[in-house]
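Undergrad: Structure incoming, see below.
The values are calculated or read from the model by the stated rules, or taken from the named source; none is laboratory data. What you see is a predicted model, and the numbers here were worked out from it, not measured in a lab. So basically every Cβ, Gly included, is an ideal-geometry build from the backbone, and we count neighbours across all protein chains shown. We work out accessible area using only protein heavy atoms, side chains counted, and drop any ligands, DNA or RNA first. Shrake-Rupley method; radii C 1.70, N 1.55, O 1.52, S 1.80 Å.
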Amino acid sequence: MSRRFFLTAAWLGALTWPVLGTAAALKLALVVSLIPAALGCWNALRRAAVVPCRGLWAALEAASGRIPPRFQIWGLAAFLCVAPLFLRHQTKYINLATDTLIMVLLALGLNIVLGMAGLFMLGYAAFYAIGAYAFAILSLKFQVPFWGGLVAGAAAAALVGFVVGLPSLRLRGDYLAIVTLGLGETIRYIIKNEEWLTGGTFGCPSRPVFISFGLEPYSRKIGSPRFFGWPAAVESIHYYFLALAMVALSVVAMQRLSNSRIGRAWVALREDETAAQAAGVPTVWAKLSAFTLSAVWAGMAGVLYAAKQKFLAPEIFDFNLSALVLSMVVLGGMGSIPGVVLGAVVLQMIPWFLRDFFPEFQNYRLLIYGGLMVLMMIWRPQGLWPNTRRKIELQEETDAVA
Amino acid sequence: MLDLSGVHSAYGPIEVLKDVTLAVREGEIVALIGANGAGKTTTLMAVSAIHKIKAGEILFNGRSIADAAPHEIVRLGISQVPEGRRIFPRMSVEENLEMGAYARNSDLEIRKDLEHVFQLFPILKERRRQLGGTLSGGEQQMLAIGRALMARPKLLLLDEPSLGLAPKIVSQIFSVIKNLNAEGVTILLVEQNAFAALKLAHRAYVLETGRVVLSGEAAGLLTNPQVRKSYLGIN
Ligand SMILES: Nc1ncnc2c1ncn2[C@@H]1O[C@H](COP(=O)(O)OP(=O)(O)OP(=O)(O)O)[C@@H](O)[C@H]1O
Ligand SMILES: [Mg+2]
């Protein structure tokens with residue numbers, strides 16, 4: 001057992017040496033070769049702690065079991081609403097929380113097309129970019145207020161989503177992934193090159209103007225930004241609450257969608273397209289609506305991002321972002337709404353966690369993502385919080401293999 | 001009711017149907033038989049508009065349907081039970097049946113038809129909560145037929161319903177087909193089991209490499225020496 005780990009460590013070290021350099025490669029090899037020892041310690045600890053832990057766990061479960069789920073949700077909501085008011089001078093945490101919520105919105109959107117309808121889409125960041133740039137340009141050049149910009153950004157993304165959906169009518173599986181990837185890159189290059197409109201590589205500022213909703217950003221007249229009259233040192237607290245409200249509404253909308261008529265059409269499409277056609281499901285409409293709705297959510301997330309950030313750099317919207325959102329959906333559990341939310345939160349927290357607690361490992365972020373994915377595929381291929389139907393699916397497959 | 005004339009169909013450059021002409025009249029059971037690869041499935045896919053034709057005309061009750069979308073065909077009253085059943089494996093039996101009624105609106109009517117299907121295949125009622133993919137082959141075939149019936153079709157297209165089933169199940173399914181026909185559903189039946197198909201059908205067409213080579217009363221074809229030799233294995 002430990003010999004295998006030593007060999008793996010040596011092999012990994014040798015493999016990464018040309019890229020990482022001697023010191024880092026050695027460090028990596030050392031960490032991997034220490035895994036057996038760490039596992040041993042962990043097991044010993046677990047054995048020692050198992051009795052008290054069981055008791056604690058059981059008590060916790062009993063306690064949470066006594067609180068009805070409805071109260072648990074309200075409790076979580078109350079916490080999410082109140083906690084930031086105490087942290088309102090902590091730009092860092094508020095920003096982190098807001099960014100996380102924006103990623104949750106993105107992941108929920110991708111989940112429509114990927115998780116519910118089973119259409120493999122790469123290059124999702126393009127729709128996010130469209131929403132963000134549409135908002136930035138409208139707010140900057142035409143002083144369009146936030147709410148108008150939100151609608152316009154969502155509509156622009158929807159339009160592009162619809163157009164991208166058109167080739168999907170004839171493509172399946174991997175081909176669809178490649179085409180959507182290509183379209184995503186095309187959009188990024190357009191943003192980069194059309195300097196007169198988007199600022200190109202110089203980036204693009206945005207000027208969000210709010211109409212009420214308790215949000216008053218910084219101005220000369222009122223001084224520090226206010227939230228329902230409450231002075232907040234951090235303007236982003238507005239965006240936190242805005243994002244929180246949008247996530248809450250989205251979760252409800254997603255739940256509705258997945259139980260709706262179109263939601264069932266998406267499941268049928270995912271299971272067997274020909275059978276869906278034979279059963280009378282309008283597959284063309286089902287696909288286009290999945291693409292369009294999915295883009296709407298990305299567009300809204302983009303608007304929020306542009307308003308909060310006040311400056312857009314085209315590099316943000318690259319393939320890495322698409323891959324990250326994809327990982328969130330897969331890690332959390334494709335098609336599962338709580339799973340996708342959880343996946344987004346976990347993956348968004350990792351870089352922050354590394355930066356604050358293990359800065360020397362910051363650069364291995366992608367390696368850690370990759371490792372996490374591999375471990376997930378081995379131990380929990382259905383995701384952290386799987387959709388019940390998907391769970392059955394994978395169970396069947398494992399049974400068939402066994 | 002259904003008229004195909006001069007239908008050509010191809011997959012890429014490969015022509016599969018080369019001038020197929022056939023007709024199904026209201027109330028009939030028409031069998032379509034032929035060797036593997038003759039183009040039987042392709043013919044049904046053409047009628048369901050799942051695979052679009054290259055040339056020719058498909059009329060349903062005198063109206064051209066070659067350019068319609070697959071779900072419009074279902075709405076007009078043509079349902080297909082596809083080859084290999086193709087039920088939704090991770091939906092329950094009941095959800096599968098409900099998918100078949102996707103194009104319809106009246107919940108009341110759908111409930112009624114669901115009961116009707118359960119009456120035809122009582123085993124499906126027992127298994128209503130079970131996942132489609134975990135049913136036996138015979139049960140899956142019943143489910144596939146049930147799903148097609150949930151669209152309340154006037155014309156039912158069946159693609160090799162006896163494929164891979166035990167003789168007892170085959171005869172059960174064939175008797176259901178006969179009963180459905182007696183209830184007024186017109187049937188176009190594709191079969192490898194030519195003997196059983198010809199005994200059940202009123203009329204039949206024999207397809208050979210994309211062309212209709214023989215047609216006529218089913219009883220007549222049963223005694224046709226060419227058919228007996230090629231499709232019934234009798235001399
Ligand atoms: N999707 C496809 N792509 C390319 N060729 C196809 C496709 N589907 C069928 N074919 C070809 O078309 C021809 C007719 O196929 P079809 O499935 O219609 O035959 P069939 O009469 O139903 O045969 P069987 O009795 O074996 O089901 C075959 O030569 C087959 O290889
Ligand atoms: Mg066939």
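Undergrad: Hand me the list of helices (runs of 4 or more DSSP H) wholly inside region B:20-124 holding 2 or more residues that are within 14 Å of chain A (Cβ to nearest Cβ), in contact (Cβ under 8 Å) with a residue 60 or more places away in the chain and within 16 Å of ligand 2 (Cβ to nearest atom). Reasoning before the result, please.
TA: Details: elements: B:40-47, B:70-76, B:93-100, B:107-120.
It comes to B:40-47.
Undergrad: Give region A:268-280 a look and list any residue that's more than 7 Å from every other protein chain (Cβ to nearest Cβ) and within 15 Å of residue B:97 (Cβ to Cβ), or say none.
TA: Step one: list which residues in region A:268-280 are more than 7 Å from every other protein chain (Cβ to nearest Cβ), which gives A:269-270, A:273, A:276.
Within region A:268-280, just A:276 meets the criteria.
Undergrad: Within region A:327-334, does at least one residue satisfy the condition of being more than 14 Å from every other protein chain (Cβ to nearest Cβ), at pLDDT 80 or above and outside any helix (DSSP H, G or I)?
TA: Step one: list which residues in region A:327-334 are more than 14 Å from every other protein chain (Cβ to nearest Cβ), which gives A:327-333.
Within this subset, residues satisfying the condition of being at pLDDT 80 or above are A:327-333.
Then keep just the ones that are outside any helix (DSSP H, G or I); that gives A:333.
Yes; the residues of region A:327-334 include at least one that is more than 14 Å from every other protein chain (Cβ to nearest Cβ), at pLDDT 80 or above and outside any helix (DSSP H, G or I).
Undergrad: Please state which of the following conditions residue B:177 fails to meet, knowing it meets all the rest: (1) outside the structural domain of residue B:127 (by TED's automatic domain parsing); (2) under 20 Å from residue B:121 (Cβ atoms); (3) over 13 Å from the mean Cα position of the chain (by Cα).
TA: (3)
Undergrad: Identify, from the list B:29, B:87, B:53, B:33, the residue that is touching a Ser or Thr at 6+ places or on another chain (Cβ under 6 Å) and open to solvent by less than 50 Å² (accessible area, probe 1.4 Å). Quick ask: steps written out before the conclusion?
TA: On the way: B:29 fails: touching a Ser or Thr at 6+ places or on another chain (Cβ under 6 Å); B:87 fails: touching a Ser or Thr at 6+ places or on another chain (Cβ under 6 Å); B:33 fails: touching a Ser or Thr at 6+ places or on another chain (Cβ under 6 Å).
Residue meeting the stated conditions: B:53.
Undergrad: Considering each of A:283, A:292 in turn, give the residue that is within 14 Å of another protein chain (Cβ to nearest Cβ) and surrounded by fewer than 24 Cβ atoms within 10 Å (Cβ to Cβ).
TA: A:283
Undergrad: Let me ask something else. Starting from residues that are within 16 Å of ligand 2 (Cβ to nearest atom) and free of Cβ contacts under 8 Å to residues at least 40 places away in the same chain, keep the ones in region B:160-193 and report whichever is surrounded by the fewest Cβ atoms within 10 Å (Cβ to Cβ). Spell out how you get there, then give the answer.
TA: Step one: of region B:160-193, the residues within 16 Å of ligand 2 (Cβ to nearest atom) are B:160-165, B:188-193.
From the residues that got through so far, the ones that are free of Cβ contacts under 8 Å to residues at least 40 places away in the same chain too are B:162, B:164-165, B:193.
Values: B:162: 20, B:164: 13, B:165: 19, B:193: 21.
In this case the residue turns out to be B:164.
Undergrad: Let me ask you something else. Within region A:229-260, can you find the residues that are modelled with pLDDT under 90, open to solvent by 30 Å² or more (accessible area, probe 1.4 Å) and assigned to a helix (DSSP H, G or I)?
TA: A:241, A:258
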